[in-house]
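First up is the structure itself, then whatever we jot down about it.
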C-alpha cells in the first residue's frame with residue numbers, strides 16, 4: 001500500500017507513547033489521521049499539534065468505538081489503515097500479599113489490551129470491506145502485542161495473557177480477511193522509552209537498557225513507527241508477529 005494524501009488511518013492510544021509516534025510518522029507521509037484515545041485533553045492537544053483529527057473512545061465499548069469511527073470517517077473518509085496501540089499494564093501476582101489476583105483487574109487488562117484491539121480491528125475491517133476498495137491491498141490492520149506474550153515476568157500474568165491473545169488472533173484474522181485483501185499484522189515491542197518507562201527513576205531505566213543485548217538502550221518510539229510504516233508499505237507481510245526488541249528476552253523479574 002502506498003502512503004499519501006489519498007489514504008486515511010485511525011490510531012488508538014494515539015495521544016501518547018507508541019501511538020503518538022505512529023500518528024506523527026503517518027502525518028509526515030501525508031496520510032489523513034484520526035487519533036482515538038480515552039484521554040480527551042491529551043488527545044485533542046496531540047491532534048492539534050499534528051494537524052490530525054481526534055475522536056474520544058473507550059476501546060472496550062462497541063458503541064463508543066463505532067461512534068469514534070464515524071467521526072474519523074466523516075472527517076477523512078473510510079480508513080484503510082488501523083493501528084491499535086491502546087493498552088494498560090498494571091502489575092499483580094497470581095497470589096500476592098492480599099491473596100488471589102483481583103479478578104476485576106485481570107478482566108480490565110484483557111478488556112483493554114485484547115478485546116479492545118479486536119473491537120477496533122473488527123469494526124474497522126467491516127468498514128473496509130463495505131467500502132470495497134479496488135486494490136491489491138485494500139487495508140492493513142496492525143495490533144500491538146509485547147515480548148511479554150512470550151516471556152511474561154513475575155507480576156505480568158494479566159498483561160502477558162492479554163498480549164498472548166493479540167499474538168494468537170493475528171493469523172486467523174489475516175486468514176478471515178484474506179478474501180477481502182485486508183492484511184493483519186502485529187508488532188511485539190520490547191522495552192521502549194514510552195511515558196510508562198521514562199517516568200521510572202533513571203537508575204531503573206539504565207538497568208533496563210543494560211539488559212538489552214544490542215543496541216543496549218531503550219527502544220525509540222520512532223523505531224516502532226518506522227516498522228509500522230514498513231508493514232503498511234510491504235504487501236507481502238501478513239499474518240505474522242514481528243518482535244522489535246534488540247534481542248532482549250525478559251527475565252523472570
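Nothing in this text is a laboratory measurement; each read-out follows from the coordinates by a stated rule. Every value quoted in this text rests on a predicted model; they were computed, and no experiment measured them. Positions of Cβ are generated from backbone atoms using ideal geometry, with glycine treated the same way; all protein chains shown enter the neighbour counts.
A few notes on this one:
- Fraction of alpha-carbon pairs over 25 Å apart in the stretch 1-139 - percent: 29
- With neighbour counts taken as other beta-carbon atoms within 10 Å, the residues 128, 1 rank, fewest first, as 1, 128.
- Sequence of 79, 151 once ranked by neighbouring C-beta atoms within 10 Å, starting from the fewest: 151, 79
- Stokes-Einstein D for the stretch 122-175, Kirkwood Rh over Cα pairs, 10 °C, 1.306 mPa s (µm²/s): 123
- Packing around the peptides 25-34, 80-89, taken as the average count of other Cβ atoms within 10 Å per residue, puts them in this order, highest first: 80-89, 25-34.
- Counting neighbouring beta carbons within 10 Å and listing from fewest to most, the residues 137, 70 come out as 70, 137.
- Fraction of the pair-distance distribution of the stretch 87-161 above 22 Å, Cα-Cα pairs, percent: 39
- When the chain is treated as a GNM with alpha-carbon contacts under 10 Å, the residue of 185, 196, 173 showing the greatest mean-square fluctuation is 196.
- When the chain is treated as a Gaussian network with alpha carbon springs shorter than 10 Å, the biggest mean-square fluctuation among 199, 162, 121 belongs to 199.
- Rg/Rh for the stretch 8-244, where both radii come from Cα atoms and Rh is the Kirkwood radius: 0.96
- In degrees, nearest ten, helix 116-131 long axis to first principal axis of the chain (Cα): 10
- The residue 75 and residue 197 beta-carbon pair, evaluated with R₀ = 35 Å, returns a calculated FRET efficiency of approximately 0.60.
- Span from the the stretch 182-253 Cα centroid across to the the stretch 66-87 one, whole angstrom: 24
- Relative contact order (%) - criterion: Cα under 8 Å, at least six apart; region: the chain: 20
- The distance between label points at residue 251 and residue 107 comes to 3.7 nm (points 7 Å beyond Cα on the Cα→Cβ vector).
- Highest mobility in the GNM of the chain, judged by mean-square fluctuation with C-alpha springs under 10 Å and restricted to 47, 161, 216, is found for 216.
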